Amino acid sequence: MVMSCIWTAILTVSLLSAALLGNMSALSAGVLQGAQSGITLALAMGGSICLWTGVGHLMNKVGITEMLAKLFRPLLGRIFPSTRSDPVLENHLCSNVCANLLGLGNAATPMGIQAAQRLARGKNGVASDELCRLIVLNTASIQLIPANVAAVRSGLGCATPFDILPAVWITSLCSAGLGVTAAWLLGRLWKR
Amino acid sequence: MFGRFGGNGRVAAGKVVEALTDYIVPSILLVVSLIALRKQENSYDLLLSGAADGLKLLITLIPTLVLLLTAVTMLRVSGAMEIISSFLAPIFRFVGIPPETAMLVLIRPISGSAALAVGADLMAQYGVDSQIGRTVAVMLGSTETTFYTISVYFGAAGIKKTRYTLPAALFADFVGFFMASLTVRLFMQ
């Protein structure tokens, strides 16, 4: 229902601006161009999506998520102290973060939800500090290989679709780090 | 306003980083396959079944992309996007984010596929290797659909009082948009 409202709003705004600015013929042609570019984009990134979903599936089956989880356990123990006394929670949390890192959204979300449910237990519907941090960490995407974006770039004719990687890493690290720091600071100020 | 960084040292460092990033993707493919071999997993079959899942994902994605790119193109050619961008331009310039990316910044926390559509449209319009095109790519690659993620997690965990999660998450998004603009300005071009 939300999308229906957004769709109708976009149509209304476009029609009004085109009428005011005299762009109606461009708008009328744009309808078909836009629809076609949806298919063109999907086809252009199709190969990369198939390949990377395949690689992600293989990484998951071979246990690369668990290998990474071992590396990140000490750091996550600091951000989420209750993982130290709860090995099941630690497992869910590490898998969630590492699956996100590898870009395995389908594997990351169920793990993250299980961790969130465990953190929410006995809190009467109030988010604990650790749960807030978990969600901030999940909303600040941390991804080693942003395959979809690289696919879009390559589809649009970019010769070096992966040259954005260093910039993406620094940006993700800053937004996740500062996001969790902000959550930690707010946690000290905010009344329950 | 975005000056070129012409120093020789920076150009050389940029070339080295560029050469190193070229190794990343092929190496990942090889390393994963080698680990699979050592664990006696059938890597080719696993890749095949994963790629088949990717195709299913792509097919569910196509109708969404068609509708959203229609909407985004209509917003752009009607001139509405320019009105919105120029309205927000002073704020964006003030914080150091290119005003051309305004639409993406607004839609990114709300809908992932709409952000992909807006991003692809911007990259096509300004060029994938332009500063705008690259900033858009870094923004897409390093932020998430914040509102969706929050609603999924809190919904599943039965949380009613979300306390400071939304402001903290939106702050992280803002840092992402700002750093995307900054890193592209410093490392590329």
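The values are calculated or read from the model by the stated rules, or taken from the named source; none is laboratory data. Note that the coordinates shown come from a computational prediction; the quantities given were computed from them, not determined experimentally. All Cβ positions, even for glycine, are placed from backbone atoms using ideal geometry, and neighbour counts span all protein chains on display. For accessibility, only protein heavy atoms count, side chains too; no ligands or nucleic acids. Shrake-Rupley method; radii C 1.70, N 1.55, O 1.52, S 1.80 Å.
Quick look at the numbers
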{"quantity": "Unmet criterion (only one of (1) touching a Leu at 6+ places or on another chain (Cβ under 9 Å); (2) under 19 Å from A:Ser154 (Cα atoms); (3) β-branched (Val, Ile, Thr)) for B:Val138", "calculated": "(1)"}
{"quantity": "Condition check for A:Ala116: open to solvent by less than 10 Å² (accessible area, probe 1.4 Å), part of a helix (DSSP H, G or I) and modelled with pLDDT under 90", "calculated": "no"}
{"quantity": "Tabulated pairs, the range A:33-53, first under 17 Å from A:Val149 (Cβ atoms), second of a type in the set (Val, Ile, Thr) and surrounded by 23 or more Cβ atoms within 10 Å (Cβ to Cβ), C-beta under 6 angstrom, 6+ apart or interchain", "calculated": "A:Met45/A:Val152"}
{"quantity": "So B:Pro98, is it closer than 25 Å to B:Met188 by Cβ and touching a residue at least 60 places away in the same chain (Cβ under 8 Å)", "calculated": "yes"}
{"quantity": "Positions within the range B:155-166 being in a helix (DSSP H, G or I) and at the interface with chain A (Cβ under 7 Å from one of its Cβ atoms), in sequence order", "calculated": "B:Ala156, B:Ala157, B:Thr165"}
{"quantity": "Output for the range B:75-93, where each listed residue is facing chain A (nearest Cβ under 7 Å) and either open to solvent by 20 Å² or more (accessible area, probe 1.4 Å) or touching a residue at least 24 places away in the same chain (Cβ under 8 Å) (or both)", "calculated": "B:Leu75, B:Val77, B:Ile83"}
{"quantity": "Options A:Leu51, A:Leu27, A:Leu32; residue that is within 7 Å of another protein chain (Cβ to nearest Cβ), in a helix (DSSP H, G or I) and open to solvent by 80 Å² or more (accessible area, probe 1.4 Å)", "calculated": "A:Leu51"}
{"quantity": "Among residues of the range B:160-187, those that are open to solvent by 20 Å² or more (accessible area, probe 1.4 Å), in contact with a helix residue (DSSP H, G or I) (Cβ under 9 Å, 6 or more places away or on another chain) and not polar (S, T, N, Q), counted", "calculated": "13"}
{"quantity": "Failed criterion for B:Asp53 (all others in (1) open to solvent by 60 Å² or more (accessible area, probe 1.4 Å); (2) farther than 18 Å from A:Leu102 by Cα; (3) facing chain A (nearest Cβ under 7 Å) hold)", "calculated": "(2)"}
{"quantity": "Scan of the range B:115-148 for residues that are under 16 Å from B:Thr70 (Cα atoms) and open to solvent by 10 Å² or more (accessible area, probe 1.4 Å), ordered by number", "calculated": "B:Leu116, B:Asp121, B:Ala124, B:Gln125"}
{"quantity": "Inter-residue pairs, beta-carbon under 6 Å, first under 13 Å from B:Leu170 (Cα atoms) and in the range A:171-192, second of a type in the set (Phe, Trp, Tyr) and open to solvent by 60 Å² or more (accessible area, probe 1.4 Å), 6+ apart", "calculated": "A:Ala182/B:Phe171"}
{"quantity": "Sole exception among (1) modelled with pLDDT of 90 or more; (2) loosely packed, with under 14 Cβ neighbours inside 10 Å; (3) over 19 Å from B:Arg76 (Cα atoms) for A:Leu89, by number", "calculated": "(2)"}
